[in-house]
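Peer 1: Next up is a structure, given as structure tokens.
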Amino acid sequence: MTYIIGNLALILAAGWLFRRFGIVGEGSEKSFNQYLYYLALPALIIVKIADTPLGGLGWKFLLANTLPLAVVMGLAWALWKAGKIDWRLGRLLIIVSAMGNTVYLGFPVAAMRLGEQAIGYAAIATSVQNIFIFTFGFALMTLVCERDCPPSRFMRLIGRNVVLWSSVAGLLLSAAGLRLPELLHKVLSDLGKTTLPLSVFTIGVSLYGKKVAHNLPRIALVSGLKLLALPLFYLLTAGASGFSGFVPKVAFIEMVMPVAVLNYVIALEFDFDADLVSQSILFSTLAFFPLLYLYDWAMLRFL
């Protein structure tokens, strides 16, 4: 695990240093992100899911990848209902504490820890989690409202979620037992191979200039739900349902990821506190690396 953390930290640090010393300019992460989000990641996801057998991914898999999310979202709703937080923070918590960096960081960690064959199952777990967040989560979010609330625009956000739609395409190919043409499979595979190191490098670039100067109690609340409560509920769900083995380990790695960069886009769409989201991304990402030792122990001990 130390080797994996060192590998990730060095690539992430390289991205930060390249931005710090102007080797890549301001806004360069946007170009990297567009390449990853609209081309490399969809290519990787389609190929890996299409090549991954869906047999054995039954109700236990679905339960473990949805119930923990529902519980954490329910906790956020309960905090608002009890008057402990305002409606803006309540809406933010429901989505941000559930949506982890399952692709940019989750895929590399899963591949390094469990092998390249883990990426297909990681992509399937991510697609299930995303579908749940973009349906149940956004529906629950609309119930958190006081007086004048901005309209929900999640249909537009779903339409632009390339990761979600490429996951659906891969699932349809796998379920139908169809094979991609050899040339197309080769091209998509080669594009996909650029994803893992570049995604971590891009995170490093995007972290430059971000600070955790205030909002510490709120940042701690977001990060605590994402990094501690969600993994705990996953382990409890998996243990209660007897869900163990290789696939549960892959899904657990996806579940423990820090706050996703995509949440910043969602914050702008839904009038969340964008500064709080940005600070939570930074804090949870930095806290994630030492917590990897705990996650790895829990994965081997309970799954």
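Quick note: the coordinates plus some simple rules give every number you see, no bench work behind them. Just so you know, these numbers come straight off a predicted model, no measurement behind them. All Cβ positions, even for glycine, are placed from backbone atoms using ideal geometry, and neighbour counts span all protein chains on display.
Peer 1: Just need the Rg to Rh number for the chain, please, alpha carbons only, Kirkwood Rh.
Peer 2: Answer for the chain: 0.95.
Peer 1: Moving on. Of ARG218, ARG88, ARG179, which is the most mobile in a GNM of the chain whose springs link Cα atoms less than 10 angstrom apart?
Peer 2: Looking only at ARG218, ARG88, ARG179, the biggest GNM fluctuation is shown by ARG179.
Peer 1: On to the next question. Once you treat every alpha carbon in region 231-303 as an equal point and sum by Debye, what is log10 I(q)/I(0) at q = 0.15, 0.25 Å⁻¹?
Peer 2: The computed values of log10 I(q)/I(0) come out as -0.60, -1.01.
Peer 1: Any idea what log10 I(q)/I(0) is at q = 0.20, 0.24 Å⁻¹ for region 81-143, Debye with uniform C-alpha scatterers and no solvent?
Peer 2: So the normalised log intensities are -0.77, -0.93.
Peer 1: Kindly provide the pair-distance distribution of region 40-119 built from C-alpha pairs, with 5 Å bins from 0 and whole-percent values in order of increasing distance.
Peer 2: 3, 13, 15, 17, 17, 13, 9, 7, 4, 1
Peer 1: Starting from the Kirkwood radius over alpha-carbon pairs of region 163-218, derive D by Stokes-Einstein at 20 °C in a medium of 1.002 mPa s and give it in µm² s⁻¹.
Peer 2: After rounding, the answer is 145 µm²/s.
Peer 1: Shape verdict for region 176-303, please, from the Cα gyration tensor: rounded (a/c under 1.5), prolate (a/b greater than b/c) or oblate.
Peer 2: Oblate.
Peer 1: Below 16 Å, Cα to Cα, which aspartates and glutamates can LYS226 reach? Residues fewer than 8 away in the same chain don't count.
Peer 2: Excluding near neighbours in sequence, the set is GLU254.
Peer 1: Between LEU10 and LYS210, with labels modelled 7 Å along Cα→Cβ, what's the label distance in nm to one decimal, could you check?
Peer 2: With each label point 7 Å from Cα toward Cβ, the separation is 2.3 nm.
Peer 1: With a 10 Å cut-off between alpha carbons and a GNM built on the chain, which of VAL71, VAL205, VAL256 moves the most?
Peer 2: Among VAL71, VAL205, VAL256, the largest GNM mean-square fluctuation belongs to VAL71.
Peer 1: Also: Please identify which residues in region 17-37 have an amide N closer than 20 Å to a label point set 7 Å out from the Cα of LYS186, following the Cα→Cβ vector.
Peer 2: Within reach of a label on LYS186: no residues.
Peer 1: Something else now. Mind jotting down a quarter of the surface of the convex hull over the alpha carbons of region 212-254, in square nanometres, one decimal?
Peer 2: The directionally averaged projection comes out at 3.3 nm².
Peer 1: Also, quick follow-up: With N set to the residue count of region 1-137, report its C-alpha Rg divided by 2.2 N^0.38 Å to two decimal places.
Peer 2: 1.26
Peer 1: Can you pull the Rg over Rh of region 99-249, Cα-only, Kirkwood?
Peer 2: Rounded to two decimals, Rg/Rh equals 0.99.
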